[in-house]
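Colleague: Following this message is one structure expressed as structure tokens.
The values are calculated or read from the model by the stated rules, or taken from the named source; none is laboratory data. Nothing here was measured: the structure is a model prediction, and the numbers come from that model. Backbone-built Cβ (ideal geometry, glycine too); neighbour counts: all protein chains shown. The accessibility values were calculated without ligands, DNA or RNA, using every heavy atom of the protein model including side chains. Shrake-Rupley method; radii C 1.70, N 1.55, O 1.52, S 1.80 Å.
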Amino acid sequence: MATHKIALLDGDGIGPEIMAEAVKILDLVAQRNEIDFELVHGAFGASAYFSHGDSFPEETKKLCDEAAAILKGPIGLNHEESKKIPVDMQPERGALLPLRRRFNTFANFRPVYLPQSLAHFSPLKPEIIGDNGIDMIIIRELVGGLYFGKKEMGVNAEGKRYVVENLEYDEDQIANIARVAFDTAQKRKKVLHNIHKSNVLKSSVLWNEIIDEVGADYPDVKVVNILVDAAATYLCLNPGQFDVMVMENMFGDILSDQAGGILGSLGLMPSACIGPEKAYYEPSHGSAPDIAGQGIANPYSMIGSVAMMLEMSFGMEAEAKNVWHAMQEVFAQGNSTPDLSKPGAGVNMISTSAFGDLVAAELAKCPKV
Ligand code: NAD
């Protein structure tokens, strides 16, 4: 029997609630496929800071090093609570960015998917969504750019507080993410939207040069260059024009949250963060402190991250498809968590754990692969 060790980093806020539903699905997948998933939980994020004095403790680093893949819940606290943690230990700076750096997970895949039959979840008008629903993938560079450049804070010669944050890339970093994006576009509609800000940022001038150079190896892929600010508008006005989008780290952080918005909830946003040797999988959203502990978080993002892990880390493409299908079936039967529907909308509003149970029941009906 194949054995795969998976590190589970539950995280903060709604993290443990949605992780519990992911575990239900992993257990079922293991049973259906006669695989031994060794699931080991590790402390990570603000909860780890309070329990271990470190938001990415050494024992969690060791667990991640040993694991075949990592499944991570969202981390973070609300604005006021986060002040209880020293700035450099706050979950993103103290845990998330070091995790990404440790495994060089430069390629972040964020699928943005809503079939036309679920257009009522979206705040966009049906005529904007059109007959094909919303179906695109955002490819975000994840270990460079503004989030990983040199940072400096201090007091200058005039006694004024100042800050400097650099947006840094070398040509290899850009070429690496460009190749991932072109490969993805080649497997889909052969159109790549390159999102940049070259009218202001020199980093985008180099970015675009490399996109052109790498693009020469992909003559069958059409490149459409769009300024990031215009792309934000088009996501609302004409999302159907996008299929594969590639962009710098911070642009991707912001535009992918907007993409969650046009679907109706960040709870519909799973992701995969792929490095040369290791990958980790996480919902694109944060720890949702406003709804934590209420049992109403949408676990789609976490279960979708499991599906991506099955496909991308374990080569279980068919079973991954079954997981996606099971989740869509739960929606098709008229259910949703409260983030997606308003009372009176004719939708059966269900809890986090009920959603997980229904997905498991649907998955159990799928033929074994
Ligand atoms: P958020 O993404 O946590 O929440 C934004 C909104 O989306 C909230 O209304 C929330 O209730 C809703 N939401 C998010 N996920 C949901 C789900 N699965 N089901 C239903 N509703 C959902 O953003 P925020 O409130 O700005 O940030 C909270 C914390 O998360 C902050 O500390 C932030 O730094 C952190 N954060 C972490 C990550 C990560 O772990 N990768 C990503 C983004 C933000």
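Colleague: Return the only residue of S351, S313 being among the polar types (S, T, N, Q), over 25 Å from A272 (Cβ atoms) and either in the same structural domain as A20 (by TED's automatic domain parsing) or touching a Ser or Thr at 6+ places or on another chain (Cβ under 8 Å) (or both).
Modeller: Residue meeting the stated conditions: S351.
Colleague: Ok, one more. Mind listing whichever residues of segment 184-198 are surrounded by 14 or more Cβ atoms within 10 Å (Cβ to Cβ) and not hydrophobic (A, V, I, L, M, F, W, C)?
Modeller: Those that are surrounded by 14 or more Cβ atoms within 10 Å (Cβ to Cβ) and not hydrophobic (A, V, I, L, M, F, W, C): T184, Q186, R188, K189, K190, H193, N194, H196, K197, S198.
Colleague: Pick out the one residue from G42, G53 that is farther than 26 Å from G264 by Cα, surrounded by fewer than 18 Cβ atoms within 10 Å (Cβ to Cβ) and in the same structural domain as A345 (by TED's automatic domain parsing).
Modeller: Unique residue meeting the criteria: G53.
Colleague: Then there's this: Go over the candidates N348, N335 one by one and state the one that is over 23 Å from D36 (Cβ atoms), within 16 Å of the ligand (Cβ to nearest atom) and not acidic (D, E).
Modeller: One residue alone meets the criteria, N335.
Colleague: Scan segment 199-240 residue by residue and report those that are in contact (Cβ under 8 Å) with a residue 24 or more places away in the chain, surrounded by 14 or more Cβ atoms within 10 Å (Cβ to Cβ) and not aliphatic (A, V, I, L, M).
Modeller: Across segment 199-240, the qualifying residues are S203, S204, W207, G215, Y218, N225, P239, G240.
Colleague: Within the set of pairs 6+ apart or on separate chains, which have a first residue in segment 75-93 that is more than 21 Å from G293 (Cα to Cα), a second that is among the charged types (D, E, K, R) and open to solvent by less than 90 Å² (accessible area, probe 1.4 Å), and C-beta atoms under 9 Å apart?
Modeller: So the pair list comes out as M89/D54.
Colleague: Output the residues belonging to segment 316-340 that are under 20 Å from E17 (Cα atoms) and touching a residue at least 40 places away in the same chain (Cβ under 8 Å).
Modeller: V323, A326, F331, S336, T337, P338, D339, L340
Colleague: Please give the number of the condition K83 fails out of (1) surrounded by 15 or more Cβ atoms within 10 Å (Cβ to Cβ); (2) within 12 Å of the ligand (Cβ to nearest atom).
Modeller: Of everything listed in (1) surrounded by 15 or more Cβ atoms within 10 Å (Cβ to Cβ); (2) within 12 Å of the ligand (Cβ to nearest atom), K83 misses just condition (1).
Colleague: Search segment 86-97 for residues being open to solvent by less than 30 Å² (accessible area, probe 1.4 Å) and not small (G, A, S), and hand back the single one that is nearest to E165 (Cα to Cα).
Modeller: Among residues in segment 86-97 that are open to solvent by less than 30 Å² (accessible area, probe 1.4 Å) and not small (G, A, S), the one nearest to E165 (Cα to Cα) is L97.
Colleague: On the basis of being touching a Phe, Trp or Tyr at 6+ places or on another chain (Cβ under 9 Å), open to solvent by 10 Å² or more (accessible area, probe 1.4 Å), under 30 Å from K321 (Cβ atoms) and within 13 Å of the ligand (Cβ to nearest atom), does L71 make the cut?
Modeller: Taking the combined requirement at face value, the residue does not satisfy it.
Colleague: Next up: Quick one: which of G144, G94, G133 is on the phi > 0 side of the Ramachandran plot and at pLDDT 95 or above?
Modeller: G133
Colleague: Right, another one. Cβ-Cβ distance below 6 Å, separation of 6 or more or different chains: which pairs start in segment 276-291 with a residue that is β-branched (V, I, T) and end on one that is within 6 Å of the ligand (Cβ to nearest atom)?
Modeller: Going by the 6 Å Cβ cut-off, the qualifying pairs are I291/A297.
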